[in-house]
Amino acid sequence: MQVEAIAGALGAEITGIDLSSELSNSDAAAIRDAFLDHKVIFFRDQKLTPKDQVRFASLFGEPDIYPFIEGLPDTPEVIEILKAEGDAKNFGGSWHSDTSYMEQPALGTVLYALETPKAGGDTLFANAGAAYEALSDGMKAMLGDLKGVNSSEHGYAGGRAAAMAKLDGMKETDQAATGYESRHPIVRTHPETGQKSLYLNRSHTACFDTMTEAESKPLIDFLCDHITRPEFTCRFRWTPGAIAVWDNRATQHFAVNDYPGKRRRMHRVTIKGDTPR
Ligand code: SIN
C-alpha cells in the first residue's frame, strides 16, 4: 500500500489496496494514520457494495444515520447523492463541515462515486487546522472562547426542505422539515491529534453566540474566506469507483456544481462524532 500526498495543505491518495476485502490489522492502522495525517484520503477503482462501504466506514468509527435523506433500504447508513441530468442544484455545493448543526457532528464521511461526469463535479477540501495556525496571535487570542451558532436552516431563504425538494432523485425523510441548531467552539481541538482547527463554516454558522448576526458577519466572512484560501485546499477529480474519506473535525469541503445536463451519483456514509471542545 502506498500513500502519496496530492497537495501541500491536505489530501493523500492511497494505492495498492482492495477495500472490498477484509483489511489486515496493519493495513487498517496505516489507513487510519493516513486519515489523521492528511485529513482527507482518496482511493480509486474500488468495487464496494453498500454493505462493504458501511464495513469500511466502521474503520473510522460508528456509521451514523443522516437525518435529512432516506438511506438505502438494507443499509440505512448509506444515502445516495444524485444530481440528475435535469437538476440545476447540487447537494453540498457550498463550503461546509458535515452536520456541524448537530450536538455531535459527524467525525468523518466516506463518499463513494458510482457515476461521474467526464469532466466537472470535483470536490474541494480545505484544511481548517492549517488555517488556524496561520492566524496572528492576536486573532487566535480574540477567538479564545467564542462559540458559533450552527443551524441546519442557515442560508436557505425558503427553508432547507424546500431547497432539498429541488433535488428530484434524493428522497427526504419525515424529519426533513425539522431544523437543528448547536453551539460549538470556533476553535476546536481535535480529540485524536490535539491539533486546533477553525470550526465555523459558510453554510451553517449563523453568528457568534454572544453577538447578533450583523455584528458577527464581518468576522465570520473573514474567517470563512481565510479557511478556503487556495494554499489551504486541495481538489479531487472523481472517477467511478473512487472513494474519499474526510475528517470533518479539521476540514471543510465543497461539491463543485459545474456539470449542467450531466449525471453524478455517489453513496455517502457519515461516521458518529463527539461533542466539539
Ligand atoms: C457532501 O457535501 O457530502 C457531498 C460532497 C460531494 O458530493 O462531493
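Think of each Lys and Arg Cβ as +1 and each Asp and Glu Cβ as -1; about the Cα centre, that makes the dipole of region 174-255 roughly 320 debye.
With the convex hull drawn around the C-alpha atoms of region 51-95, the volume per residue stands at 114 Å³. A probe of 1.4 angstrom, applied to the heavy atoms of all protein chains, finds Thr193 with accessible area near 70 square angstrom. Between Gly71, Gly16, Gly93, the GNM of the chain built on Cα springs shorter than 10 angstrom shows Gly16 fluctuating the most. Comparing mean-square fluctuations of Arg202, Arg44, Arg32 from a GNM of the chain with C-alpha springs under 10 Å, the top value falls on Arg32.
Each principal axis of the chain carries a Cα extent, and these read 49, 42, 32 Å when sorted largest first. Looking at region 54-98, the trypsin sites (Lys or Arg not before Pro) that sit in a DSSP loop and have at most 16 other Cβ atoms within 10 Å of their own Cβ are Lys89.
Legend: residues Ile227, Ile65, sorted from most to least accessible area (1.4 Å probe; ligands, DNA and RNA excluded), read Ile65, Ile227. Here each label is just a point 7 Å from Cα along the line to Cβ, and for Asp258 and Ala84 those points are 2.6 nm apart. Excluding ligands, DNA and RNA, the accessible surface per residue across the chain is 44 Å² with a 1.4 Å probe.
Comparing His204, His267, His190 in a Gaussian network model of the chain where C-alpha atoms under 10 Å apart are linked, the largest mean-square fluctuation is found at His190.
Label positions at Lys140 and Glu4, each projected 7 Å from the Cα along the C-beta direction, are separated by 3.4 nm. For region 125-277, with all protein chains in place and a probe radius of 1.4 Å, 52% of the accessible heavy-atom surface sits on carbon or sulfur. Near Asp18, once Lys and Arg are set to +1 and Asp and Glu to -1 for all other residues with Cβ below 11 Å from its Cβ, the sum equals -3. In vacuo Debye scattering of region 53-204, one point per C-alpha: log10 I(q)/I(0) at q = 0.09, 0.19 Å⁻¹? Evaluating at q = 0.09, 0.19 Å⁻¹ gives log10 I(q)/I(0) of -0.34, -1.39.
The values are calculated or read from the model by the stated rules, or taken from the named source; none is laboratory data. Nothing here was measured: the structure is a model prediction, and the numbers come from that model. Cβ: placed from backbone, ideal geometry, glycine included. Neighbour counts: every protein chain shown. To get the accessible areas, we keep the full protein, side chains included, count just its heavy atoms, and leave off ligands, DNA and RNA. Shrake-Rupley method; radii C 1.70, N 1.55, O 1.52, S 1.80 Å.
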